[in-house]
Amino acid sequence: MSDRAPLGPAPRAGTPGRRSPLVLGVHALALAIAGLALARSAWYGLEDRGIALAFGLLVAVGELARRGRGDDREPAPLGTAGALAYALLGEVAGEPTRHGALQVVAVTLAGGLVGCVPHIARGNGPTPDHMARRVLTVAFAAVCFQPLYNQGRLAEWVGDGPGHALVVAGLLALTVLCDAVLAAVLARARTEWPFGPLLRDELRAVPGIGSAVCATGAVTALAVAVAGLWALPVISLPLLLTQLAFRRYASVRATYRQTIASLARATEIAGYTPHGHALRVAALSRAVGRDLGLSEPELTVLEYAALMHDIGQLSLLDPVTDGATAALPADRQRSIALLGGAVVRQTGVDARVAVVVERQADPYREQPVAARIVRAANAYDEMAREEGPQGPLKALERLRLGTGRDYQSEVVEALARVVSRPGPLLGSAG
């Protein structure tokens with residue numbers, strides 16, 4: 001549950017047409033639950049229609065205010081908070097509610113679809129994965145809470161005081177864990193990235209906007225139980241304002257990323273490197289880093305360094321032929337790397353990026369992991385370009401021959417796995 005914005009080409013998350021049986025199974029399960037919920041609500045009608053309308057409207061407003069990208073971890077926090085609040089709602093102004101788990105799914109799904117219409121019309125609506133996760137996590141929370149409450153067992157076990165609030169908080173924690181596992185499973189099935197780092201990144205995102213979503217969902221359910229539906233706008237307004245502020249922050253960050261990408265193109269514009277070389281190396285580096293289990297912050301540093309790895313060539317009086325630095329003598333490679341690190345430090349970019357750029361030409365055993373990855377990805381792109389149609393295979397062969405001396409074998413094998421996967425390298429989070 002956090003924002004992710006792409007910088008450029010990167011691994012194959014969510015590649016259209018590339019669906020594993022597991023992804024299809026998750027989508028089919030979500031579709032079956034959604035169909036059952038909608039059919040039941042249409043056949044029997046809605047219980048407590050005013051309450052259902054109020055929460056459906058809240059979810060719709062949350063979807064209308066969603067951030068532009070449909071593949072963020074949590075692009076519509078207000079809509080998610082409203083859905084979770086309805087799933088954990090047992091009373092309104094002291095009066096017990098009568099809706100069940102299936103009605104929760106139906107109302108939140110209907111509200112979400114209504115709110116998504118403008119985004120879908122603009123071509124940036126939610127992805128199937130996001131919709132499936134929303135249905136399954138809301139259904140999980142509702143199934144865990146509604147039967148216990150409606151049958152009176154929750155009141156019998158914990159009463160209506162602090163114990164009830166603790167149960168709500170505990171169910172929200174389980175729901176967040178369920179959503180994180182589901183997101184990691186879907187990403188693993190689509191991309192073949194290691195499951196552990198994917199799950200770790202999902203859980204690391206929870207203290208950000210995810211914690212605000214959970215807190216708003218819990219407080220909304222408890223406040224409506226005491227004060228009635230008038231509590232909805234009062235409780236929801238802070239999260240809505242937070243979401244708008246976060247959108248502005250995301251816009252600033254996206255501009256920062258685009259500035260780095262533009263700066264990286266300076267070597268291409270000046271004729272020092274071939275067109276698209278920096279973006280290709282960045283895409284390969286990020287994919288290899290993901291395959292090796294690097295975290296999102298580490299991947300961001302790696303991607304920035306890969307984009308700017310050749311910027312030291314701007315200090316050369318005589319350009320390197322085709323910008324191919326991998327074949328240069330070691331001392332000249334280090335000189336270009338040090339010049340590049342000095343330029344990066346002057347730009348105000350994270351100092352960790354400058355370190356990676358500076359050390360990309362060091363002996364690999366002395367390099368940080370990011371520098372080893374950039375070195376291998378850069379060499380692969382240069383070698384593959386030189387060898388014609390058989391370039392990729394010959395480049396990998398030459399890299400493997402260089403392991404133990406110039407390249408780390410684990411990095412080369414990860415690179416081989418990345419380039420052997422079907423489909424293009426598409427935009428992904430960074």
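Among residues of the stretch 394-409 that are modelled with pLDDT under 90, those with a Cβ under 6 angstrom from a residue that is of a type in the set (S, T, N, Q) and not in a loop (DSSP other than H, G, I, E, B), sequence gap 6+ or separate chain, pair up as Thr403/Ser409. Does Phe145 satisfy the criteria of being touching a Gly at 6+ places or on another chain (Cβ under 9 Å), assigned to a helix (DSSP H, G or I), crowded, with 17+ Cβ neighbours inside 10 Å and aromatic (Phe, Trp, Tyr)? So Phe145 passes the test. Here the condition is being modelled with pLDDT of 85 or more, open to solvent by less than 10 Å² (accessible area, probe 1.4 Å) and under 17 Å from Ala326 (Cβ atoms); of Ala283, Ala287, Ala305, it holds for Ala305 alone. All of Gly163, Gly123, Gly170 fail the test of being of a type outside the set (Phe, Trp, Tyr), in a loop (DSSP other than H, G, I, E, B) and without any contact (Cβ under 8 Å) to a residue 12 or more places away in the chain, apart from Gly123. Listed conditions (1) out of contact with any helix residue (DSSP H, G or I) (no Cβ under 8 Å at 6 or more places or on another chain); (2) open to solvent by less than 60 Å² (accessible area, probe 1.4 Å); (3) of a type in the set (S, T, N, Q) are all met by Ser295, apart from (1). Which one is surrounded by the most Cβ atoms within 10 Å (Cβ to Cβ) among residues in the stretch 254-280 that are within 17 Å of Val374 (Cα to Cα) and of a type in the set (D, E, K, R)? The selected residue is Arg280.
In the set Arg359, Arg334, Arg372, Arg345, only one residue is surrounded by 15 or more Cβ atoms within 10 Å (Cβ to Cβ), under 21 Å from Leu279 (Cβ atoms) and at pLDDT 85 or above; that residue is Arg372. For the stretch 197-217, filtered to residues that are surrounded by fewer than 19 Cβ atoms within 10 Å (Cβ to Cβ) and among the small types (Gly, Ala, Ser), the residue that is farthest from Ile51 (Cα to Cα) is Gly208.
Within the stretch 308-318, the set of residues being surrounded by fewer than 21 Cβ atoms within 10 Å (Cβ to Cβ), of a type outside the set (S, T, N, Q) and part of a helix (DSSP H, G or I) comprises Leu314 only.
Residue-wise test of (1) acidic (Asp, Glu); (2) touching a residue at least 12 places away in the same chain (Cβ under 8 Å); (3) open to solvent by 50 Å² or more (accessible area, probe 1.4 Å).
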residue	(1), (2), (3)
Arg153	no, no, yes
Glu156	yes, no, yes
Val219	no, yes, yes
Leu222	no, yes, yes
Val226	no, yes, yes
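All of Pro126, Pro118 fail the test of being closer than 20 Å to Gly82 by Cβ and at pLDDT below 85, apart from Pro126. Scanning the stretch 235-250 for residues that are under 21 Å from the mean Cα position of the chain (by Cα), open to solvent by 90 Å² or more (accessible area, probe 1.4 Å) and modelled with pLDDT of 75 or more yields a single hit, Arg248.
The residue pairs whose first member lies in the stretch 372-383 and is within 11 Å of Val419 (Cβ to Cβ), whose second member is of a type in the set (Ser, Thr, Tyr) and crowded, with 24+ Cβ neighbours inside 10 Å, and whose beta carbons are closer than 8 Å, counting only pairs six or more residues apart or on different chains, are Ala377/Ser285. Considering the conditions (1) among the charged types (D, E, K, R); (2) at pLDDT below 85; (3) within 15 Å of the chain's Cα centre (by Cα), Arg153 is excluded by exactly one of them, (3).
Within the stretch 75-102, the set of residues being surrounded by fewer than 24 Cβ atoms within 10 Å (Cβ to Cβ) and in a helix (DSSP H, G or I) comprises Ala101, Leu102.
The values are calculated or read from the model by the stated rules, or taken from the named source; none is laboratory data. If you're wondering where the values come from, they're calculated on a predicted model, not measured in any experiment. Note: ideal-geometry Cβ built from the backbone for every residue, glycine included; neighbour counts use all protein chains shown. Quick note on the areas: whole protein, heavy atoms, side chains included, nothing else; ligands and nucleic acids left out. Shrake-Rupley method; radii C 1.70, N 1.55, O 1.52, S 1.80 Å.
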